[in-house]
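The block underneath contains the structure these notes are about, expressed in structure tokens.
The values are calculated or read from the model by the stated rules, or taken from the named source; none is laboratory data. Fair warning: this is a prediction, and the values are worked out from it, not measured in the lab. Heads up, the Cβs are rebuilt from the backbone with ideal geometry, glycines too, and the neighbour counts pull from every protein chain shown. When the accessible area is computed, the model is the full protein with side chains, heavy atoms only, and any ligands, DNA or RNA have been set aside. Shrake-Rupley method; radii C 1.70, N 1.55, O 1.52, S 1.80 Å.
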Amino acid sequence: MRKIGLLGGMSWESSALYYRLVNEGVRDRLGGLHSAVCVMGSVDFAEIERLQVSGEWTQAGELLADEARGLVAAGAECVVLCTNTMHKVAPTIENAVDVPLIHLVDVTAAAVKEAGLRRVALLGTRFTMEESFYRDRMAAYGVDTMVPDADERTVVNDVIYDELVVGVVDDAARAAYRRIIDRLAHAGAEGVILGCTEIELLIAQDDSPVPVFASTALHAEAAVDFALSSA
């Protein structure tokens, strides 16, 4: 089994989900007492969030690249960046290490394509929804992404930062997300990407009239694929 390097802490709530999913994935495939061989680096999310808000993406990328180097030094044979938003600086991390970065957007786009869909809604942080790094990479796979309107983006973003990252999972927030997903589906979205790792703590397939693509679960599954494949 190859060793997975989990680069987490953004937030630790979703990183804990990654850890559980990769271990469950290995157990389910190999049976018995098997679990994932992995190492995790967990950053202080308050520092990352400060850099996000102040637009200091270069510094944020360098910070995460340094953490990735530490994972490789600890024996990691791949890097899994346990966050959607910080894939904005994925090239910096890729350039810092000599092992593969399993790119979350690539994994998600492949799942959308496999489902035969071409137009999906994207929910995530304001950075993910409003900047182009995510949507452009999806477009390279032939997938068009829709985002909520301005007021809805505020709701989606605020629920993530004010509630989900601190472990608050609220029925009112779930109802608000359901309304946003319903509107996007009526506007032509054939599916919805849960493009923030914490959203999977709140929304499941039963909450959507269209297929849900849970980026954390898909990313974790890709990590297990890598770990159990031949080197």
Criterion first (open to solvent by 10 Å² or more (accessible area, probe 1.4 Å), in a helix (DSSP H, G or I) and within 17 Å of Leu164 (Cβ to Cβ)) does Leu21 satisfy it? yes
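Could you check, for the stretch 193-212, whether at least one of its residues is under 19 Å from Val22 (Cα atoms), of a type in the set (A, V, I, L, M, F, W, C) and part of a helix (DSSP H, G or I)?
Yes - at least one qualifying residue is present in the stretch 193-212.
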Counting only residues that are at pLDDT below 95 and in a helix (DSSP H, G or I), the stretch 165-175 contains a total of 2
Quick one: Val224 ticks every box in (1) within 29 Å of Ala46 (Cβ to Cβ); (2) buried (at least 21 other Cβ atoms within 10 Å of the Cβ) bar one, so which box is it? (1)
Arg178: passes all of (1) surrounded by fewer than 17 Cβ atoms within 10 Å (Cβ to Cβ); (2) not in a helix (DSSP H, G or I) but (2)
Which of the residues that make up the stretch 213-231 are of a type in the set (Gly, Ala, Ser), assigned to a helix (DSSP H, G or I) and either touching a His at 6+ places or on another chain (Cβ under 7 Å) or under 25 Å from Val166 (Cβ atoms) (or both)? Ser215, Ala217, Ala220
Under 8 Å by Cβ, and 6 or more places apart or on different chains, what pairs join a residue from the stretch 33-61 that is within 26 Å of Ser229 (Cβ to Cβ) with one that is at pLDDT 95 or above and among the aromatic types (Phe, Trp, Tyr)? Cys38/Tyr19; Met40/Tyr19
Could you list, ordered by first residue, the pairs with Cβ atoms under 6 Å in which the first is in the stretch 148-171 and free of Cβ contacts under 8 Å to residues at least 60 places away in the same chain and the second is crowded, with 20+ Cβ neighbours inside 10 Å and charged (D, E, K, R), at least 6 apart or interchain? Ile160/Glu198
Please find, among Ala74, Ala115, Ala46, the residue that is small (Gly, Ala, Ser) and either surrounded by 14 or more Cβ atoms within 10 Å (Cβ to Cβ) or within 23 Å of Thr145 (Cβ to Cβ) (or both). Ala115
Just checking, which of Leu33, Leu64 is at pLDDT 95 or above and under 20 Å from Glu198 (Cβ atoms)? Leu64
Per-region count, the stretch 184-226, residues without any contact (Cβ under 8 Å) to a residue 24 or more places away in the chain and in contact with a strand residue (DSSP E or B) (Cβ under 6 Å, 6 or more places away or on another chain): 3
Answer residue from the stretch 120-155, given it is among the hydrophobic types (A, V, I, L, M, F, W, C) and loosely packed, with under 15 Cβ neighbours inside 10 Å and is farthest from the chain's Cα centre (by Cα) among those: Ala150
